[in-house]
Amino acid sequence: MYGVVTRNPDEVEWPDFDRAFYEVKDVTGRAAEPLPEAVNMVSCFGDTAAAEDNPELVPVDDEGNLATRDQRFFDWAYICPTNEDYRAGLLEIVADCAAENADVRLDDVGFPRDGYCHCERCERLFDEWVAENGADGDEADWYAWRAEVITEFVAEAAERVPGRTYLTLYPDPYPGHLYERAGLDIEALAEHVDEFVVPLYDVHYGTTYWLETIAKGFRSLLEPLDVPFAIELYAVDAEMEMDDLIHATEVAEAYADEVYFGYDASNAAAALRRKRADQQEGVTHRPGDGDGEN
């Protein structure tokens, strides 16, 4: 099954795709009305506009550094997942999306990195959690508390979704990394999520050995939990060769249950048409063909 991720309402009904994801709220803070024809997608704790308007919403590390684009490794600004007012607003958006289409995708869920958050509210909530649970208040407890914060939010959001709940994962399947980085307890989240989506973006997919490695890692991580996962490829036509995108698609679908394409429906549709035409002509693309080429 193939899908597309788009910001353009007219593309959600293109016949080339089995499913369409429509960005209702993205990491810039841009908002749009949800569509009944699409799985509406919500960037939860990535919100540059909200962070710029109200820096008090932004997570801080133990040195007081804000999780904004001014910091190394951050492409957008984040909002602290423990802010109740912001969370309430997100849940309202999720409910509005679910009223239009029963399926909803949650994007950018979690703490920004493993050093966050040490705002006064998070410190207070963690101390309360330690007292309630008779914990030691050490680093292991810190990670456990963060994971509980995120799992509770996803559970609350999923309660408002009558259909399938999709959750985007940062593309790192190495054991413990998602837990320590973002507070994502995959086993706990699997109780509330119907499908995980892993974006594996590149500007040309000239080689695919790395894509295969990460895809296989996620299959090993998620298969025991009996939760399907999709790989999302970057289809924007910058340096992209059509054959490379087709090859990346073949590799992705060898490991994932579904393959989605991000942000260029025309390029993605053209690749799928070529791929289907090649299959009809008896041409077969196999994972590993051409891997290692530079």
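Laboratory data are not the source of any read-out in this text; all were calculated from the coordinates shown. Because the structure is predicted, anything quoted here is derived from the model rather than measured. No Cβ is skipped: glycine too gets one built from the backbone with ideal geometry, and neighbour counts run over all protein chains shown.
The calculated FRET efficiency for the pair M1 and M242, based on their C-beta separation and a Förster distance of 30 Å, comes to about 0.90.
Taking a ≥ b ≥ c as the square roots of the Cα gyration tensor eigenvalues, with a/c under 1.5 meaning rounded and otherwise prolate when a/b beats b/c, else oblate, which class fits segment 118-206? The shape class here is oblate. A Cβ-based charge dipole, computed about the Cα centre of the chain with Lys and Arg at +1 and Asp and Glu at -1, lands at about 600 debye.
How do M41, M1 rank when sorted from fewest to most other Cβ atoms within 10 Å of their own Cβ? Could you put the intermediate results ahead of the total?
Values: M41 26, M1 12.
Final ranking by Cβ density, sparse to dense: M1, M41.
Do you know the relative contact order of the chain, to the nearest whole percent, from alpha carbon pairs under 8 angstrom that are 6+ apart? Working shown, then result.
Values: 550 pairs, mean separation 48.6, N = 294.
In percent, rounded to a whole number, it is 17.
Annotation: amide H of E232 within the under-5 Å range of V198, L200, Y260, sequence separation 5 or more or interchain, hydrogens built in the peptide plane.
Estimated purely from DSSP H runs of n ≥ 4, each contributing -39500 (n - 2.57), the mean residue ellipticity at 222 nm for the chain is -11500 deg cm²/dmol once divided by its residues.
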